[in-house]
Amino acid sequence: MKRLLFYVTMSILATILLAGCGKKEEVSVSSDGVEQELVVAGNQDMTDLMNQKIFKSFQEKYPDTKVTYIPGNGAETAAKVKAQKNSPQIDVAILEVNSQIDGYNNKLWAPLNKEDIPSMNKIVHETNIPENSGVPVFYSPHVVSYNKELVESKGLPVLTSWNDLALPELKGKVALQDPAGSFGRTALIMLAYANGGSESQIEPGFKKLAKIASNQSTFYKNQSFINQALQDESAAYTVWALNRHYTYREEGNLPLEFVVPKEGVYISNSGIATLVEGAKHPNGAKKFIDFMLSDEVQKLLAEDHYLNPVTDVKLSSEVAKKLEFDKSNIKEFDNNVISSEFPKWLKRFNQEISPLIGKDL
């Protein structure tokens, strides 16, 4: 009787365990081997371009595949993927390099190779992506952008150094993002470089940022607020990506020009395409990443969003000229250092720099 009770108990337990594990979700696959669904996450600003042009072209190649876009910044996207780690809802994440590295450290990405992504052979833009955990699909340098007409009418200087952002005659005329955003982080690190430091020696950057804080009324959380400050001429200078410079110049009909300061420029690898580990639709994801490297899409990114292509695609002379910048002194940040130190920087900014806003030092 005891033996019978034992076998009955074990049978019930096995049934419960099998039910708990559940049946693996079936995924529909078309005759071309691509799943009938694909979920891509990326920057909010690319929503229209993705939905109206890039997805439309991709679906011409794979008509049975429905593509969904989830907009958000890199940190938000990485957080979503991390939260869904046991049951991924996103297949492809396109995000900036620091969020990509954070995701890599949390084992969120599957490796990519040239057999699955043949267009990787066309990439001419070098990036430091750990263990093939992502592929660059676009980039943009971070530059100092300024309102030329306002600068000339007020007799303000055209900046030649990152340190010029702290000049007393620029009081109230600099609109910087705080270091929580990528543009503010770049300004902090480049101020360190301009004063003998680096991302590994950030102290000189904080010292100079303190002077800028005393010169300004705020640090902006959102780049749309920076755009508004330039629009209403409450600010004349900012630091942001070259593609933002041209986008806001056209949208707001602003007389913006840009400079690359003498201490150099940081190239933001803001478009790293990754395959989510355990993605439900890996075949479609790989096809899509490969498609992002096609001449068609690389040209679209450049001519619609002023994003620098990572392949040697032929652009119109007008767009190619706009995307030119001084590459003689490119600073390659150590993104592992940034990822590990950034929380300390942000805490220090909030405790030490924010209280100095608008106060004489």
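Calculate how steeply helix 335-348 sits against the longest principal axis of the alpha-carbon atoms of the chain, using the helix alpha-carbon long axis, and give the answer as 0 to 90 degrees to the nearest 10. Approximately 60 degrees, to the nearest ten.
As a ratio to 2.2 N^0.38 Å, the alpha-carbon radius of gyration computed for segment 210-284 takes the value 1.54.
Sort out the exposed loop GluC sites (Glu not before Pro) in the chain (DSSP loop, at most 14 other Cβ within 10 Å) and tell me the longest stretch that has none. Display every interim value, and only then the final one.
Numbers: sites that count: Glu25, Glu26, Glu115, Glu126, Glu233, Glu324, Glu332.
Looking at the chain, 127-232 is the longest stretch - no exposed GluC sites (Glu not before Pro) with at most 14 other Cβ atoms within 10 Å.
Can you check what the net charge comes to around Pro136, using other residues whose Cβ is under 13 Å from the Cβ of Pro136 (Lys, Arg +1; Asp, Glu -1)?
On the way: positive: Lys122; negative: Glu96, Glu126.
With Lys, Arg at +1 and Asp, Glu at -1, the net is -1.
Taking a ≥ b ≥ c as the square roots of the eigenvalues of the alpha carbon gyration tensor, segment 241-361 is oblate, as a/c is not under 1.5 and a/b does not beat b/c.
Looking at the chain, the accessible area is 49 square angstrom per residue; that uses a 1.4 Å probe and ignores ligands, DNA and RNA.
Among rounded, prolate and oblate, which fits segment 234-273 when a ≥ b ≥ c are the square roots of the eigenvalues of its C-alpha gyration tensor, a/c under 1.5 means rounded, and a/b larger than b/c means prolate? Before the final figure, lay out the partial values.
On the way: a/c = 2.58, a/b = 1.26, b/c = 2.04.
Oblate is the answer for segment 234-273, as a/c is 1.5 or above yet b/c matches or exceeds a/b.
Its Cα centre serving as origin, segment 56-104 has a Cβ charge dipole (Lys and Arg +1, Asp and Glu -1) of approximately 120 debye. Whole angstrom only: what separates the Cα centroid of segment 203-248 from the Cα centroid of segment 101-176? The two parts, judged by their Cα centres, are 15 Å apart. Each of Gln201, Asn329, Tyr69 was placed along the dipole of the chain (beta-carbon charges, centred on the mean Cα), and the one lying farthest toward the positive end is Gln201. Listed options for P(r) over Cα pairs in 10 Å bins from 0, in percent are (1) 4, 22, 31, 26, 13, 4, 0; (2) 5, 22, 29, 21, 12, 5, 3, 2, 1, 0; (3) 5, 20, 23, 15, 8, 7, 10, 8, 3, 0. The value calculated from this structure is the one marked (2). Tally Lys and Arg at +1 and Asp and Glu at -1 over the other residues with C-beta under 14 Å from the C-beta of Glu303: what net charge comes out? Counting the neighbours of Glu303, the net charge comes to 0. When only Cα pairs below 8 angstrom with a gap of at least 6 residues are kept, the chain shows a relative contact order of 24 percent. Bridge orientation summary for the chain: considering DSSP beta bridges with both residues in this region, about 65 percent are antiparallel. Note on the chain: GNM, Cα springs under 10 Å; of Gly103, Gly74, Gly197, the largest mean-square fluctuation is that of Gly197. Within the listed set Val124, Val81, Val34, the residue fluctuating most in the Gaussian network model of the chain (springs between alpha-carbon atoms under 10 angstrom) is Val124. Angle of helix 182-193 to the longest C-alpha principal axis of the chain, folded into 0 to 90 degrees and rounded to 10: 60°. Among Val174, Val151, Val143, the largest mean-square fluctuation in a Gaussian network model of the chain, built with springs joining Cα atoms closer than 10 Å, belongs to Val151. Computed on segment 246-356, with alpha-carbon pairs under 8 angstrom and 6+ residues apart, the relative contact order is 28 percent. Relative to the longest principal axis of the Cα atoms of the chain, the long axis of helix 74-83 makes an angle of roughly 20 degrees. Using Cβ point charges alone (K and R +1, D and E -1), the dipole size of the chain about the Cα centre works out to roughly 1140 debye. Between the residues Asn269, Ala235, Thr247, the greatest Cα displacement towards the positive end of the dipole of segment 222-279, with unit charges on the Cβ of Lys, Arg, Asp and Glu, is found for Asn269. Does segment 108-149 come out rounded, prolate or oblate, given a ≥ b ≥ c as the square roots of the eigenvalues of its C-alpha gyration tensor, rounded meaning a/c under 1.5 and, failing that, prolate meaning a/b above b/c? Because a/c hits 1.5 or more and a/b exceeds b/c, segment 108-149 counts as prolate.
Contact order for segment 111-266, expressed relative to its length and based on alpha carbon pairs under 8 Å spaced 6+ residues apart, stands at 35 percent.
The values are calculated or read from the model by the stated rules, or taken from the named source; none is laboratory data. If you're wondering where the values come from, they're calculated on a predicted model, not measured in any experiment. Positions of Cβ are generated from backbone atoms using ideal geometry, with glycine treated the same way; all protein chains shown enter the neighbour counts. To get the accessible areas, we keep the full protein, side chains included, count just its heavy atoms, and leave off ligands, DNA and RNA. Shrake-Rupley method; radii C 1.70, N 1.55, O 1.52, S 1.80 Å.
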